[in-house]
Amino acid sequence: MAISIEERASQVGQTRDSDWVTVDQAMIDAFAEATGDRQFIHIDPERAAATPFGGTIAHGFLTLSLMPMLAARTEGLDIADVRMGVNYGGNRVRFLAPVRSGKRVRGHFKLLELAEKRPGQWQQTTEFTVEIEGEEKPALIAEWISQIFV
């Protein structure tokens, strides 16, 4: 259910969790092809098995790029009457743990700030954490800024 931008602004400090998504080898291979980042640790299971990771791992930027998909799979983030949303940038991104091929991840979205910059133009700052199922350490934590036009 979509909420108003004002309702979303009242949720500063609240966290919403996405559904789980599997990061499989096909997803990793497609990302490698799209970006040209074909380092063996991502695409060669046999060679990657000999590393401390014991197999292939997702690219850090693949994990970061899951943000829109995970946000779309999170109840309570859908804002009504949005004409356009754009990425504005990040204040920080830290890759904390690798996502091994076949693992499931989910996003935690904590609203840090949502302020109207101009009439109909809002700036949202969100803390985005990617949890790896069954692991203590998250894959990444980022503070991301977006512009929302209503």
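FYI, it's all coordinate maths here, none of it is from the lab. Please read all numbers here as calculations on a predicted model, not as lab measurements. With ideal geometry, Cβ positions are generated from the backbone for all residues, glycine too; neighbour counts draw on all protein chains shown.
Things worth noting here:
- Candidate cross-link partners of residue 137 among the lysines, defined by an alpha-carbon separation under 17 Å and a same-chain spacing of 8 or more, comprise 103.
- Counting Lys and Arg as +1 and Asp and Glu as -1 over every other residue whose Cβ lies under 12 Å from the Cβ of residue 142, the net charge comes to +1.
- From phi via Karplus (6.51, -1.76, 1.60), per-residue ³J(HN,Hα) for the range 129-145 in Hz, x at Gly/Pro: 10, 9, 8, 9, 4, x, 10, 6, 8, x, 5, 7, 9, 9, 10, 10, 10
- Dividing the summed -39500 (n - 2.57) terms of all DSSP H runs of n ≥ 4 by the residue count of the chain sets its mean residue ellipticity at 222 nm at -5500 deg cm²/dmol.
- Estimated FRET transfer efficiency when R0 is 25 angstrom, pair residue 96-residue 14 (beta carbons, to 0.05): 0.65
- Evaluated at q = 0.11, 0.15 Å⁻¹: base-10 log I(q)/I(0), Debye formula over Cα of the chain: -0.47, -0.79
- Hits among aspartates and glutamates - C-alpha to C-alpha of residue 117 under 14 Å, sequence gap 8 or more where chains match: 6
- The range 39-150 - charge dipole about Cα centre, Lys and Arg +1 at Cβ, Asp and Glu -1, debye rounded to 20: 180
- Separation of alpha-carbon centers, the range 82-112 and the range 6-78, rounded to whole Å: 8
- The chain, relative contact order in percent, only Cα pairs under 8 angstrom and at least six apart counted: 30
- Once the chain from residue 35 to residue 137 is taken as fully extended at 0.36 nm per residue, the excess over their C-alpha distance is 34.1 nm.
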